[in-house]
Amino acid sequence: MQLRPRGGWEALDLGFQMARAWWRPLWGVWLAVYLPIAVALHAAFQDRLWIAIAALWWLKPLFDRFVLHVVSRAVFGAPPTVAETLATWRDILRPGAFMALTLFRLDPARSFMMPVWQLERQTGKEASRRRAALGKRMRGYGIWLTVVCAHFEALMFVSLGLVGALFAPAGADTRLDFAQMFRGDAQWDWIRSLCYLAAVSIVEPLYVAAGFSLYLNRRAVLEGWDIELQLRRLDERLRSAGAGFAAVLALALACVFLTPPPARAGEPSAKEEIREVLKAPEFRQYRETTRWKYRYEQPREDRAASDFWSSVGLFLADISQAVLWVVAALGLIAFLVIARRYAPRLFRERPDTYQPPDTLFGLAVTPESLPDDVARAAAALARDGRLREALSLLYRGALSVLVHRDHVALAAGDTEGDCLRAARNALPQGGADYFARLVRAWTGAAYAGRLPDMAMTMSLADEWAPHFARASEPAAESAT
C-alpha cells in the first residue's frame, strides 16, 4: 500500500469498509449495551414514550464509546469480544463522559473528536488544543458525516414506519402524525419507538467507525506522515554522493563552532555552504493555496470568433427577454380573469349555523335515534352479553354529543382517526383520554373482531356519562 495522506471523503469511506469487515463485534456490543437500556426506559415511561426516546438520543455518546473501543482495538489486532468489552466499562466511560453529555453533546463533529478523550485520555486545556490541531482541514468532513448520518437515520425511521403501516388493520389511521409521539395514548407509538430503535441501531455503528477512520487519517497526516518523510530524507542522504556528504558535514561544523574562521580567498563561506545545502530537494517547503482560474481562456487568434459568438448570444438573450415579458403579461391577464371569476366564491359569507351530519360511518348520530340514557342502555346490553351492540351505542352517543353539543365539525367521510383528533381539540384532557379508549375498543371490535371483556365494557359505560351526558341526562349518576 502506498504511503500518502488521504482525503477526508476517502477516509470516511474507509470507516464504512471497516464497519462492514468487523460487523459482528461492532453491532454485537452495540445491541448488548443499547437494547437493555432501551427496554428499561420504555418500561419506565410506557405512558410517555417520547421521554424514553429523548433519553436514548441524549445518551448516544455513551453508547458510541463501546463501539469506538471495539473498532480501535480491531484496527491493531483481533477485535475484543462482547464480554471483554463489557468487562472494561469503567475504562470506556472515563474520562470525558460528563463533558460528552453536556458541553459537547451537540458538537456536529462528535464522532471525529471522541477519540481525544477516550483513546488519548486528554482532558482540560490539553484536550482543547488537541481538538483544535485535529480539526484543522478535517473538521468539515466530520460535520458532514454527522449531517449525512442524521439524514440516513431519519429516512430509515420514516421508511420503517411506512413498512409498519402496511400491516395496520383495515380502516385504521395509518398516516404519520409526529405530534402523537408526545402524547403516548395511541398504539402506534410503540411501533414508532421500534422503528426509531432499529434506525439508530443500523446507522450509529457506521457513524462511529467513519469518525474514527477520519481521526486516524488526521493523525497519520500530523504524525506518521512527517516520520515517513524524515526517514525518506535520511535514506536519500545516506545513499548520496560524496559532495552531498561533504555539504552536510560542513553544515554540522558550522553549527558546532559559533565563530567560524574567516574564509580564505577562493573558498566558499559557511553561509554560502548552508544556502547550497538548503537548495537540496529534501529541504523544500510546500504550502497549499487555493485560487480561481479561468479554465477556458482562448488564444488571441480566436478573439474574432469569440466576438462573433458573443454577439449571437446577446441577440438570443434579447429575444428571450422579450418572450419572457410576453409570457409574464399573459400570465397576469390569466390570473386577473381567474380571480374575477372565483373571487366571489372565496369571499362569500359562510352560514353562521353549523349543520351536523345525520350519519357517520353508516351510524345514525341524531339525538332522536338514541335512547334517553345512553350509558344505562349500554350497560344493560353488556349485561345481556351483547358487547358489540353496547360499544356501538356508546360510540354513537359520543359522536352525537360531539357534533350536536360541542359543534365539532365532522363530515360523513371522516375516519375514526379524524374524529379522535377533532375530539382532542374540543374535549378536556379527561374526556379526550376516555374517547381514545372508547375508539380503540370500538375499532378492535368492528374491524378485528376483538371484543373486550365484560368488566372493560361496563367500565366504559360507567365513565360515559360524566363526559358525554346531555343537559337532560344526569351527568354524575352511574350507569349501573
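Side notes on the structure shown:
- When the residues of segment 1-30 are filtered to those that are part of a loop (DSSP other than H, G, I, E, B) and more than 21 Å from Ala198 (Cα to Cα), the one that is modelled with the highest pLDDT is Gly7.
- Taking the listed residues Ile53, Ile37, the one that is touching a residue at least 60 places away in the same chain (Cβ under 8 Å), among the β-branched types (Val, Ile, Thr) and in a helix (DSSP H, G or I) is Ile53, with no other qualifying.
- When the residues of segment 18-50 are filtered to those that are β-branched (Val, Ile, Thr) and surrounded by 16 or more Cβ atoms within 10 Å (Cβ to Cβ), the one that is nearest to Thr85 (Cα to Cα) is Val29.
- Of the helices (runs of 4 or more DSSP H) entirely within segment 75-129, those holding at least 3 residues that are buried (at least 20 other Cβ atoms within 10 Å of the Cβ), at negative phi and modelled with pLDDT of 90 or more occupy 110-118.
- Filtered residue count, segment 380-408, keeping only those that are of a type in the set (Val, Ile, Thr), in contact with a helix residue (DSSP H, G or I) (Cβ under 6 Å, 6 or more places away or on another chain) and assigned to a helix (DSSP H, G or I): 1
The values are calculated or read from the model by the stated rules, or taken from the named source; none is laboratory data. Here the structure is a predicted model, which is why all the values come from computation and not from measurement. Every residue, glycine as well, gets a Cβ built from its backbone with ideal geometry; the counts of neighbours run over all protein chains shown.
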